[in-house]
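The values are calculated or read from the model by the stated rules, or taken from the named source; none is laboratory data. Since the structure is predicted, the reported quantities are computational estimates derived from the model, not experimental observations. Don't worry about glycine lacking a Cβ; one is built from the backbone with ideal geometry, like all the others, and counts go over all protein chains shown. To get the accessible areas, we keep the full protein, side chains included, count just its heavy atoms, and leave off ligands, DNA and RNA. Shrake-Rupley method; radii C 1.70, N 1.55, O 1.52, S 1.80 Å.
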Amino acid sequence: MIRKLMVLGLASLLAAGFLGMFPRGKEQKVYAATAVDAATKQQILAATVRIVLYAPLLDANGQPQMVTVNGQQQAQYITGEGLGTLVNLNGETVIVTHDHWTLLDTLKMARFYDAAGALLAEVNGDAFRHLIRYRDGGTMVLGLPAPLATTAVNGNAQLVQPEDVVYLTYRVPNSELLDVVAMGVADVYERNGRDVFALVSLNGEMVDNGNSGGGVWYQGKLVGNMWVTVKELPWFWEKSDTPKGTNTSVAALLPTAVP
């Protein structure tokens with residue numbers, strides 16, 4: 001009996017497709033544990049932003065759901081979170097993130113934080129939508145919401161080959177803490193018309209919600225962003241419908257040219 005796999009978007013969305021998201025057999029390579037040196041970690045985190053989107057919770061009629069607080073009616077909000085990387089792209093400093101944000105149409109506010117949790121900028125929904133410079137389903141490029149410094153340099157993702165080691169900006173599960181972890185490149189292939197990396201965590205970390213858009217770095221340069229994680233359905237005898245996290249994930253390659 002073949003154990004089932006499913007692919008879940010890191011923003012708690014079911015991704016299109018099924019097993020083809022991560023080529024079977026490629027994830028079986030055994031990599032040695034790899035530590036991330038302090039200088040590399042500092043460089044990556046200095047160029048990382050955490051993005052939080054806020055949109056009203058809507059009822060069945062598409063109207064904001066209200067709650068009474070201290071005798072006043074207030075709208076309830078839902079959030080979407082992810083990561084981005086400040087990078088010089090085509091001579092301009094921009095934010096490279098993922099392209100499966102789900103709250104864009106009803107977005108009311110977005111906040112940008114640095115890796116240490118300090119608020120960098122806050123914009124309303126219209127302003128955030130106007131920041132979008134490019135999107136292709138895997139990668140979104142945003143203009144800067146405020147003058148922000150950057151140490152990132154865009155690299156050539158085409159140089160990355162299977163069995164290479166890359167570094168990923170990683171959100172520690174169940175927290176707002178950011179770290180940098182080593183990932184093995186199990187394969188480079190095409191998915192739904194986009195080039196992607198199939199990745200394996202070298203030290204057992206599970207890539208999960210909140211990691212979307214985390215920068216993938218190779219030889220000190222940005223080459224992609226985290227896209228989806230591969231999760232495993234439990235065995236039927238485990239009597240659970242909750243998918244289990246794995247150490248495998250998929251990242252979108254940084255486009256070679258952004259209009």
Exercise for the section: Find which of Ala157, Ala121, Asn174 sits farthest along the positive direction of the dipole of region 117-259, computed with +1 on the beta-carbon of Lys and Arg, -1 on that of Asp and Glu, about the Cα centre. Expected result: Ala121
Completion exercise
Expected sort for 160-168, 199-207 on mean C-beta neighbours within 10 Å, highest first, is 199-207, 160-168
Exercise for the section: Please give the length that would be gained between Leu104 and Leu148 if that part of the chain were fully extended, namely 0.36 nm times their separation in residues minus their C-alpha to C-alpha distance (nm, one decimal). Expected result: 13.6 nm
Exercise for the section: Please turn the phi angles of region 128-144 into ³J(HN,Hα) values with the Karplus equation 6.51 cos²θ - 1.76 cosθ + 1.60 (θ = phi - 60°), one per residue in order, whole Hz, x for glycine and proline. Expected result: 5, 4, 6, 6, 5, 9, 7, 7, 9, x, x, 10, 10, 10, 10, x, 7
Fill in the blank from the handout: Counting only backbone N atoms under 17 Å from a point 7 Å out along Cα-to-Cβ of Ala116, the residues of region 134-172 in range are 148-151
Handout entry: Separation of the Ser240 and Val69 label points, Cα + 7 Å toward Cβ, nm
Key = 3.4
Practice task
Evaluate the Debye formula for region 62-106 with equal point scatterers sitting on the alpha carbons, no solvent, and hand back log10 of I(q)/I(0) at q = 0.17, 0.21, 0.26 Å⁻¹, in q order, two decimals.
Solution key: -0.69, -0.81, -0.98
Exercise for the section: Would you mind checking which residues have amide H under 5 Å from Val180's amide H? H placed 1.01 Å from N; only 5 or more apart, or other chain. Expected result: Tyr170
Practice task
Would you mind telling me the share, in percent, of accessible area of region 155-259 contributed by carbon and sulfur at probe 1.4 angstrom?
Solution key: 47
Fill in the blank from the handout: Length gained, Glu92-Thr34, 0.36 nm per residue minus C-alpha separation, equals 17.6 nm
Practice task
Please work out the Cα center distance from region 38-53 to region 171-242, rounded to the nearest Å.
Solution key: 17
